[in-house]
Structures are given as C-alpha cells and as structure tokens.
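Where a number appears in this text, it was derived from the coordinates with a stated rule and is not lab data. Note that the coordinates shown come from a computational prediction; the quantities given were computed from them, not determined experimentally. Reconstructed Cβ throughout: ideal geometry from the backbone, glycine too, with neighbour counts over all protein chains shown.
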Amino acid sequence: AQKITQTQPGMFVQEKEAVTLDCTYDTSDQSYGLFWYKQPSSGEMIFLIYQGSYDEQNATEGRYSLNFQKARKSANLVISASQLGDSAMYFCAMREGRNYGGATNKLIFGTGTLLAVQP
Amino acid sequence: GAGVSQSPSNKVTEKGKDVELRCDPISGHTALYWYRQRLGQGLEFLIYFQGNSAPDKSGLPSDRFSAERTGESVSTLTIQRTQQEDSAVYLCASSRTGGVGGELFFGEGSRLTVL
C-alpha cells in the first residue's frame, strides 16, 4: 500500500499568491514524522519543514507552513507569497517510528508535485 | 567537507559492467540512506543503515544491487551487471539519528548512465 500520496502532479500559481500542495499518508503508528523537501531543476534536495505526529501546533518555517490534520492523515504544505524561485518539485515524506530490532526508520517519499510560479 | 559527499558525480558505463558509487556522510551522522531517482520521477528508497544495526535492504530492486557501510562512515552502493533500466541519479543522505524527526541531508547525487 502506498504510504505517501501526492495527488497533484503539477500546479501553477501566480507570483505573490499562496499555494497549497496536498499530501496524505497512511500509517498505523502513533509516532511518525512528516517532511517536505524541495528539489529545484539543479537536482539538490532542500529540506523545508518537519511535523512530528505528537506536535500540537502546525509547523511553520518562514513562508512555509504545514497544515497538519491528523485525523484526516493529511500534511499539506502551504507556501505564502510565492516567489519565482519557488518553482521546483516538492516532495512529501514520512518516517514511521517503529523499530523491529533492526533499522526500519526509513524515510518514504511521495511522487512529488511540480510547482510553477508565474510572474 | 560539511555536507554529504558523493562520487562519482557522473558515471557512464556499458551494459553488463559493474559500478560502485560512494557516499561520505556528514561526520557524526549515524543514519545513512540510498535512494534512486529516475528522470522526472520521485525518490525510490533502496537501503538504510542505522549505526550498527542490521541494514534495511527492503528497497533493493534485485540481487544485482548491494551496499555496505563501514561503521558510521563511508558507504558504497554496488550495481553488478548493469542494465539500461539502472540509469538514474543515485542519491545518498545522512541524518544525525535514525529517530522519527531526524532531518535528512542529501548529497548532490551520482548520475549513472548505462549504454
């Protein structure tokens, strides 16, 4: 079963507007972490924001915020005041907290959303 | 260096040859990951090392793929008898811990092209 689902293969947004990138996840664990990464055309992976499953407040980092709705298992990324430099691929990822005595805390990524910011 | 270092940055090889890709994680990071990213696609998990625990190899696509890590240092991903479908960027990442909240720091990747 797919653990991380990003249903928007591509999105357009006008410069200076806000945009929401969707992410839903599937886990039976109580302890897990959710991440968003940005990958511009240069290929580097840039960490944006993290939300722990026990965090009561939605995570925020500058213009990025994570709309965490635990009951709905969604972790949408909100980018406020979009800039041209925000044009990139965005990946949602999850790490579960289980450990079966081995190293099982792998980070699983969604398929990504390609965001294009238009002037 | 301060970041995750991968080599080679580019590798072109002929079908059937073996290749080795190297990853030097950030010093002190106990967790190390390998991912594969085909052109225009997402990151496909390959293998995960956490300290001295047995690695999670559940993402390795076939027995042609193997990886080793010496302690908490360098890791090598080996692909034997390469096939054209192995062409991809291979990304290595490390994190300070293997805990739920450990942020991954990525290298710039090794781009493999199999002719």
All but one of (1) within 14 Å of chain A (Cβ to nearest Cβ); (2) more than 11 Å from the chain's Cα centre (by Cα); (3) surrounded by fewer than 21 Cβ atoms within 10 Å (Cβ to Cβ) hold for B:Leu60, so report the exception by its number.
-> (2)
Where in the stretch B:1-93 are there strands (runs of 3 or more DSSP E), lying fully within it, with 2 or more residues that are over 21 Å from A:Phe35 (Cβ atoms) and not aromatic (Phe, Trp, Tyr)?
-> B:5-7, B:10-13, B:19-24, B:65-69, B:75-79
Any chance B:Phe45 is among the aromatic types (Phe, Trp, Tyr) and over 30 Å from A:Gln8 (Cβ atoms) | no
Exactly one of B:Pro8, B:Pro55 is within 14 Å of chain A (Cβ to nearest Cβ) and either more than 30 Å from A:Gly10 (Cβ to Cβ) or β-branched (Val, Ile, Thr) (or both), and that one is B:Pro55
Every residue from the stretch B:94-115 that is assigned to a strand (DSSP E or B) and within 9 Å of chain A (Cβ to nearest Cβ) = B:Ser95, B:Phe105, B:Phe106, B:Arg111
Only one of B:Ala54, B:Ala88, B:Ala67 that is more than 11 Å from the chain's Cα centre (by Cα) and crowded, with 19+ Cβ neighbours inside 10 Å = B:Ala88
Which condition number does B:Thr76 fail, the rest of (1) under 13 Å from the mean Cα position of the chain (by Cα); (2) polar (S, T, N, Q); (3) within 10 Å of chain A (Cβ to nearest Cβ) being met?
-> (3)
State all residues of the stretch A:36-57 that are of a type in the set (S, T, N, Q) and in contact with a strand residue (DSSP E or B) (Cβ under 8 Å, 6 or more places away or on another chain); if no residue qualifies, say none.
-> A:Gln39, A:Ser41, A:Gln51, A:Ser53
Collect the residues in the stretch A:54-79 that are free of Cβ contacts under 8 Å to residues at least 40 places away in the same chain and buried (at least 16 other Cβ atoms within 10 Å of the Cβ), keeping them in residue-number order.
-> A:Ala59, A:Tyr64, A:Ser65, A:Leu66, A:Phe68
Sort through A:Thr24, A:Thr5 and tell me the only one that's within 14 Å of chain B (Cβ to nearest Cβ) and either over 15 Å from the mean Cα position of the chain (by Cα) or closer than 20 Å to A:Leu107 by Cα (or both).
-> A:Thr5
Looking at A:Ser31, is it under 19 Å from B:Ala93 (Cβ atoms), over 16 Å from the mean Cα position of the chain (by Cα) and within 14 Å of chain B (Cβ to nearest Cβ)?
-> no
